[in-house]
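Down below is the structure, laid out as structure tokens.
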């Protein structure tokens, strides 16, 4: 899974220079064609709400809600001014096993002793890699686009294993991911996102690169 996600992100980066169709006339098998440069669903402002899922932490899965506001400058660039994820944890089988083994050994570890991600606050730039159109239900033509997302964020955690009742930490992270956007009207769209939150302050045992990998599903309103 780790290498698949890294490969997909590398592909997005390499394809960025080939993202937009040339609007000049070109010859294709002797037929002159022209790309249509028309994006009726593109708006300047966007508010999104949805669900977030952090599946890579070995001890606690993070599940919660996400909110975001984005300002688009043109058809290529946008700024996700602020996004916030508010999460709660669900124990993994590994955490259950650690709790059981330590309890039997007479030195029980409590769930609050594990470091858990509580919130993420981010500000990211967006570069639109490509636009396209798809036919929904064999009837409706809808705009779709793919975006490279990168920026900075803050990760807030609570509890820390080997530190009884730890109060948690706040980390600075570099964000790198991609987003798929599927318009359902001129003002609404569904968005799917994968993001790596690369922790810059953690070099000991604990959360690392993919433990802060995050999936999002959102409904966006454009205005």
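Every read-out reported here was derived from the displayed coordinates using simple, explicitly stated rules and does not represent laboratory data. Quick caveat: nothing in here was measured; it's all calculated off a predicted structure. Backbone-built Cβ (ideal geometry, glycine too); neighbour counts: all protein chains shown.
With the alpha-carbon atoms as the only input, what is the per residue convex hull volume for the range 41-153 in Å³?
Taking only Cα atoms, the range 41-153 has a hull volume of 123 Å³ per residue.
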Item to check | Ordering of 149-157, 68-76 by packing [mean C-beta count within 10 Å, highest first] | outcome: 149-157, 68-76
Next on the checklist: Could you work out how much longer the chain between residue 169 and residue 200 gets when fully extended? Use 0.36 nm per residue separation minus the Cα distance between them, nm to one decimal.
Outcome noted: 9.9 nm
Next on the checklist: Can you order the peptides 212-219, 44-51 by their average number of other Cβ atoms within 10 Å per residue, highest first?
Outcome noted: 212-219, 44-51
Next on the checklist: Given bins 5 angstrom wide, list per bin the percent of all Cα-Cα distances in the range 62-107, short to long.
Outcome noted: 5, 16, 13, 11, 10, 9, 9, 8, 6, 6, 4, 2, 0
Next on the checklist: At a 10 angstrom cut-off on C-beta neighbours, averaged per residue, how do the peptides 190-198, 127-135 rank from highest to lowest?
Outcome noted: 190-198, 127-135
Checklist entry - Measuring from label point to label point, each 7 Å out along Cα→Cβ, what is the residue 215 to residue 69 span in nm? => result 3.0
